[in-house]
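Participant: What follows is a single structure, and I will ask about it in a moment.
Throughout, read-outs are computed from the coordinates displayed, never taken from laboratory work. None of the values given here were measured: they were computed from a predicted structure. Positions of Cβ are generated from backbone atoms using ideal geometry, with glycine treated the same way; all protein chains shown enter the neighbour counts.
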Amino acid sequence: MHHDDERRSKLLKLAIGTVLITALLSQLLLQIGGSPRDEPLDFTEQLEQLDHPLIFENGLPPFISSAGVYAPESIVFGIGFTLSGILFVLLSYEMAIFNSLKLSQNESTNLHIWSNNLGMLVGMFTGASLIIISWTPMHTQLIAHVALALQIFYGGMLWASLVTISRSRIDSKKQFKNIPMNLLRWTLIAITFFSLQLSGLAIANDSLNLAAALEWVLFFSQVGVLASFQTIFDSNHSFEEE
């Protein structure tokens, strides 16, 4: 059992490390890459059915997905997020199996059990979407890319919410830096949700750099929730109990 916990803990750390390195390294390469990244990019043809022009006058904004347009950062983007998606599928399954064992050992309601089971399916679907978006660049398949991005963002939030619900009773006394673990997770999920809504409003008002900044807030909040689940497997070191 202890060996399985260590394996799952390493899987979680690997997933977090892979997604962070991929996003940050690909964005760094984008920012230092120079032309043609700084030249205007017209997406209007892909939005003919909406009758709304979309032109990046100052080149690619610093969205996470902007790194999937030009090489070499697109290579890092594609390979890195493909691996991240695979790891997330595996992690969703492993966490659900682990949680089902814990729930069977505690006083758990149907809500906890169903949240755990549904969370596994949502997590695996989100991971699969991350794999697909890795090879669906926004400059050639914008509508599909945006749809996949929303699946990933909302899917990640729903998965984190379901895992938090499933463990709400088990983790009720856990703390991180004197902050109740359940409160910390719900706060990060709320930040993720509102960041996504505000990012959409910023895009609607042509404030692309602000929208990109809010997307990064969303990203790091989701990673924060993911990191908080480390306490599940490393209970002796990663949290305090009241």
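Participant: What lysines sit close enough to Lys174 to cross-link, taking a C-alpha to C-alpha distance under 16 Å and skipping anything fewer than 8 places away on the same chain?
Facilitator: Excluding near neighbours in sequence, the set is Lys102.
Participant: A further question on this structure: Over the Cα atoms of the chain, how large are the radius of gyration and the largest Cα-Cα distance (Dmax), in Å?
Facilitator: 19.2, 60
Participant: OK, next. Mind checking the dipole of the chain: about its Cα centre, +1 per Lys or Arg Cβ, -1 per Asp or Glu Cβ, Debye to the nearest 20?
Facilitator: 920
Participant: While we're here: Once label points are set 7 Å from the Cα along Cα→Cβ at both Trp114 and Asp5, what is their separation, rounded to one decimal in nm?
Facilitator: Distance between label points: 3.1 nm.
Participant: Further, regarding this structure: Which distance in nm do the two modelled labels at Leu28 and Ile55 give, with both placed 7 Å along the Cα-to-Cβ direction?
Facilitator: About 3.5 nm, to one decimal.
Participant: If you don't mind, another one. For segment 70-88 and segment 89-103, write down the distance between their C-alpha centroids in whole Å.
Facilitator: One Cα centre to the other: 25 Å.
Participant: Would you mind getting me the FRET efficiency between Ala144 and Glu45? Use the beta-carbon distance for r and R0 = 22 Å, nearest 0.05. Provide the component values of the computation, followed by the final result.
Facilitator: Details: r = 15 Å, r/R0 = 0.66.
Efficiency computed from Cβ-Cβ geometry: 0.90.
Participant: Using the Karplus equation 6.51 cos²θ - 1.76 cosθ + 1.60 (θ = phi - 60°), what ³J(HN,Hα) coupling, rounded to whole Hz, does each residue of segment 115-132 give in order, writing x for Gly and Pro?
Facilitator: These are the phi-based 3J(HN,Hα) values: 5, 5, 5, 5, x, 4, 5, 5, x, 5, 5, 5, x, 5, 5, 5, 5, 5 Hz.
Participant: At 0.36 nm per residue, minus the direct Cα-Cα distance, what do Gln105 and Phe220 gain on full extension? Give it in nm, one decimal, please.
Facilitator: Working: separation 115, 0.36 × 115 = 41.40 nm, distance 3.30 nm.
Residue separation times 0.36 nm, minus the Cα-Cα distance, leaves 38.1 nm.
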